[in-house]
Amino acid sequence: MGQQLRVGFVLLESFTLNAFSGFIEAMRLSADKGGRSRQIACGWEIMGGKDVTASCGLKITPTSELADPGLFDYIAVCGGNGYLERQQPRWLDDYLHRAADAGTPLIGLCTGTFNIARAGLMEGYVACVHWNVFEAFKEQFPHIRAVPDRIFVHAGDRISCAGSAGACDLALHLITQHCGHEKAQQSIRHMMLQGVRPSTHPQAHFYGEMQNVRDSAVRRVVHLMEQSLNEPPQVPELARQAGISPRQLDRRFIAELNQTPSRYFRDMRLRYGAWLLTHTTDKIAQIAVDTGFADAAHFSRAFRALYSTTPQGYRTAMQPESGNHTAPSADITKAARAH
């Protein structure tokens, strides 16, 4: 029958290995029987002129030069730690435009969406980005609608993926479309996965919405908070990393967010706890640890103060069979604003 899905990968320096490997491994295991890795149902090329180093230090040797985009069903750009750079190589812009002109859909894996947008090829499309780079994307591309509340977006000729484990889900989505359900299931069985998460599966909902916050110190501290939910640093340490005193940090948080840093951080951790209660089966004691609380009792008291219910009550109310169809993220936002 020949290859039903063919993808050309463009790896950029310091690319994210997890996103790339999750995607290509899903293809590899769907391409052949028994994990033999022959490119039968699926095919791929890793394109470029020289070795590329992943953000973890692993070097990858391309399998070909940049090939005619018309040979592929998709061109996937694998980005990484270089997303803050405002310029990119001319060859990349030229190649992405060649692909777009040929009608070959473009995939932004992880921060590869930044590169597609930087080439001027995301206008009019919705971009899915990881919560960790959401603010950077909005700052660089204010006219492009970006969403950090799902794992990927398939918007016709532009597909964007938040990266990390979501890249595997995106690959399985495309394998199902091109090769059929059984080929995707073949990969799922090999990878010992539970199934394919849909594109609408939410990212962990705890990030701070910084769109209207202009104070750079407040923005930096919120970003530090997002990185430290399970081991929350004290306010003096956050202030030190922002280069200001704790008293200044308090004043600036209240001016920008109408909350002290400690209150804001606690509510952020509780928002993450609410997400875990809704989207995992973890025990409440484990969720307490993962959100930086001393124990389940401490977590439960703080959770009840914010949400007016216990963690178990919240989890029960959000189960589909309970009849409550309110999106958890809407509840979270409402509760956070009320406090």
In terms of solvent-accessible area of protein heavy atoms at a 1.4 angstrom probe, what is the ranking of 33, 138, highest value first? 33, 138
Amide H contacts of residue 127 (H built 1.01 Å from N, under 5 Å, at least 5 apart or other chain): 145, 146, 147
Taking the chain as a Gaussian network, where each spring joins two C-alpha atoms under 10 Å apart, which residue of 105, 320, 198 fluctuates the most? 320
Under a 1.4 Å probe, what is the accessible area of the chain per residue, stated in Å²? 47
Under the 7 Å Cα-to-Cβ spin-label approximation, residue 254 and residue 131 lie apart by a distance in nanometres of 2.8
The answer for the net charge of residues other than residue 243 whose Cβ lies under 14 angstrom from its Cβ, with Lys and Arg +1 and Asp and Glu -1, is +3
If packing is taken as the average number of other Cβ atoms within 10 Å across a peptide's residues, how do 217-230, 83-96 rank, most packed first? 217-230, 83-96
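The values are calculated or read from the model by the stated rules, or taken from the named source; none is laboratory data. As the structure is a prediction and not an experimental result, all values here were calculated from the model. Positions of Cβ are generated from backbone atoms using ideal geometry, with glycine treated the same way; all protein chains shown enter the neighbour counts. What goes into the accessible areas is simple: the full protein's heavy atoms, side chains included, and nothing from ligands, DNA or RNA. Shrake-Rupley method; radii C 1.70, N 1.55, O 1.52, S 1.80 Å.
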